[in-house]
1. Any idea which residue in the range 467-519 is least open to solvent (accessible area, probe 1.4 Å), counting only those that are assigned to a helix (DSSP H, G or I) and of a type in the set (V, I, T)?
2. Quick check on the range 71-92. Is at least one of its residues in a helix (DSSP H, G or I), within 20 Å of A151 (Cα to Cα) and open to solvent by 40 Å² or more (accessible area, probe 1.4 Å)?
3. What about S536, is it open to solvent by less than 30 Å² (accessible area, probe 1.4 Å) and either of a type in the set (F, W, Y) or outside any loop (DSSP other than H, G, I, E, B) (or both)?
4. Report, by residue number, each residue of the range 538-555 that is in contact (Cβ under 8 Å) with a residue 24 or more places away in the chain and hydrophobic (A, V, I, L, M, F, W, C).
5. Tell me, yes or no, whether the range 350-357 has at least one residue that is assigned to a helix (DSSP H, G or I), under 10 Å from the mean Cα position of the chain (by Cα), polar (S, T, N, Q) and surrounded by fewer than 24 Cβ atoms within 10 Å (Cβ to Cβ).
6. Filter the range 177-213 down to residues that are open to solvent by 20 Å² or more (accessible area, probe 1.4 Å), under 31 Å from the mean Cα position of the chain (by Cα) and at pLDDT 90 or above, then give me how many there are.
7. Take L273 and tell me if it is in contact with an Asp or Glu (Cβ under 7 Å, 6 or more places away or on another chain) and open to solvent by 10 Å² or more (accessible area, probe 1.4 Å).
8. Of all residues being touching a residue at least 12 places away in the same chain (Cβ under 8 Å) and not in a helix (DSSP H, G or I) in the range 1-36, which is surrounded by the most Cβ atoms within 10 Å (Cβ to Cβ)? Just the residue, please.
Amino acid sequence: MSNKEVKAALKSAREAIRNKDYKEALKYCKAILKQDKANYNAWVFIGLSAAELEQPDKAKGAYKKAIEYAPDQLLAWQGLANLYEKSNQTDCRGDLAEVYQKLLELYKSSDKQKWCDVCKKLAELYHQEKKYLEVAELWQKLIETKEEEGAEKTELHQLWKKKIQFLKDSTQDQDNKTGQLLLSAFEHALNSADAVPGEDHQRLYKDFIQCLTKFPQEATRLEKACKDMMVLYPAVNYPLEVLCLHFLQSGTLSEETLDYFSKLFEVDASNGLAIISCGVKCLQEKKYREAIKNLNEGLQKTSQCPAAWHYLAEAYMRVHRHRDALQSCNKALQVLGTVEGPSLRWKNLILQLKAEALIKTADAGAAEEAIKALEQVADASSDPMVLALSGQAYLKKGLTDEASKISQELLLSHPDLAESHALEGFIHYSQKNYEQAEKSFLNAIERKAESAVYHEQLGLTYWFMSDETRRDKGKALTQFLKAAKLDSNLGSAFRYMGNYYRDVAGDKSRARGCYKKAFELDGADEESGTAAVDLSMELDDMDTALSVLNEVTAKAYTGTAKWAWLRRGLYYLRIDQPSKAVSDLQAALRADPKDANCWECLGEAYLSRGSYMTALKSFRKATELNPELTYSFYQAAAIEQMLCKYESAIAAYQQILKNTDYVPALKG
């Protein structure tokens, strides 16, 4: 076949393809290849015809043969691209990417529009394969090419937005370089927008800020974006909310931050985050009860904020509500879940606060739980504050040797740390080595004079050291006063002051005031509540006693506050209101059914009311629980006599007289 015949055959093949007679086209091409095996067009036509006849492997082989003979010719690459694009096989994607890359190379100098089209296709392919850096770099090249061609600002704006669309929903899977290219795209898109301010621009700004929140290392950029958007769109709350949440989660509580919190609350007082922010502001201003109220209210609306739960726990700790603090810490850890990066800092803080709350509670197993919590703190072994807490937890658990070992290590490694000396003081105090404890607490106070707990503990050391230091106003009492002054929410300091005024100074009125204050601060402090009521009764101030008892019983759950029910029941018995006495004494017994004295009092109340059979049962129950209660034996016998059960009464009187010369029994 001559060259002329080859050309004629190619023309016929092209005509057959145009007429969709692909088999005929293949015949012509095969004839050509017998004469000229390296004929590029013949191989391309075979590839095209085989593809149309759904023979993809044959088509692929033909195109590759054509490329082998003329690697820089477009037709075969274009045909191969079309073939791979139609294929549903995922393993073709890698081959297609290589084809697109070659086409970009070939189109670069010849056809800019086609280069752009292929560039977009390759970017889409990389996006499907989650090759985000390659996506970002391709779009960057595409936009740079358009800029070189002098594209309009509107077109460039749309391209930047398209690039953002490709990348913004996959920030979790991106590396830092890809992330930076995405953020840069947002900034270019914002700067190239026509209508500023405008709805499209506003939406774009919100998306930019939302994207920035996913990059913890871009805190400065996030703050600037929020502040800039607030200037452009003062009526939109979104940037202010994000900024406040950012400050909240970063732990940045400067004056500027508190101002933004106030602004958010002014804008929308019902917003959960605004209420939380207000609570954090109150916490900073030492308005702890107000902080607790706001944080609780805000968390009811915005519960998935671990930082807010931490601040709530901190506020509870400031007012010494340790169980509430513990609950808040547990909630914070639950919300955090599995953490890494910046959230790890919050987890460490929450675990430390949880351990501190556990150490302060008297619950069984609290010390063990505190130790476990501290073991989860990252780098716990190198943090002196965590080690000091661990020492206290071991001491609370009764493992004095472990606590002493930590104490010695801290004193050597951190001699200037107040907590090192305080731990040593707690250990000496637990061993009743009061002179050594005094030295340790004085050293701790020298380094941290504002600690109310250290002053209180020094006061307790003086209280138990000797009768002389207990009575010396300059020792125990002075330290309790300092503790109460430094921390007006420390109820235990007021209780210890009450002990001093009652047991040492003999000043019942002042002691009663201290106990009352302690109980107001901590409604669970039965010792202070009991003392305040008892002293009020001794001072014939029944109004104060009743106000305390009424307040406690009104809030008490079934089976609690025995001391209050018992005292109010005895009061009603004394003023001849037996029915009320019966009701209160029954409530006391629900809290402690094995209190023989309480059963005896209930018997008296029933007797006063004229309920003889129930009185008899109550006195008998008292004697079952405590056979030493002669009075209950006598009252049971007296009731039987009253009910004309003489034989039983005589037997009961005789039983009493066997054990004691009890005159009323003899008379009975």
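1. First, the residues of the range 467-519 that are assigned to a helix (DSSP H, G or I): 467-471, 473-486, 491-503, 508-519.
Now restrict to residues that are of a type in the set (V, I, T): 469, 478.
On the way: T469: 18, T478: 41 Å².
Per the criteria, the residue is T469.
2. Applying the first criterion (in a helix (DSSP H, G or I)) to the range 71-92 yields 74-86, 92.
Among the residues that remain, those that are also within 20 Å of A151 (Cα to Cα) are: none.
No, that holds for no residue.
3. On the way: open to solvent by less than 30 Å² (accessible area, probe 1.4 Å): yes; either of a type in the set (F, W, Y) or outside any loop (DSSP other than H, G, I, E, B) (or both): yes.
Criteria met by S536.
4. L539, M542, A545, L546, V548, V552
5. No, the range 350-357 contains no residue that is assigned to a helix (DSSP H, G or I), under 10 Å from the mean Cα position of the chain (by Cα), polar (S, T, N, Q) and surrounded by fewer than 24 Cβ atoms within 10 Å (Cβ to Cβ).
6. 5
7. Details: in contact with an Asp or Glu (Cβ under 7 Å, 6 or more places away or on another chain): yes; open to solvent by 10 Å² or more (accessible area, probe 1.4 Å): yes.
For L273, the condition - in contact with an Asp or Glu (Cβ under 7 Å, 6 or more places away or on another chain) and open to solvent by 10 Å² or more (accessible area, probe 1.4 Å) - is met.
8. Only one residue tops the list, namely D36.
The values are calculated or read from the model by the stated rules, or taken from the named source; none is laboratory data. This one's a predicted model, so the numbers in the text were calculated from it and none came from an experiment. No Cβ is skipped: glycine too gets one built from the backbone with ideal geometry, and neighbour counts run over all protein chains shown. Accessible surface is based on the protein model in full, side chains and every heavy atom, while ligands, DNA and RNA are left aside. Shrake-Rupley method; radii C 1.70, N 1.55, O 1.52, S 1.80 Å.
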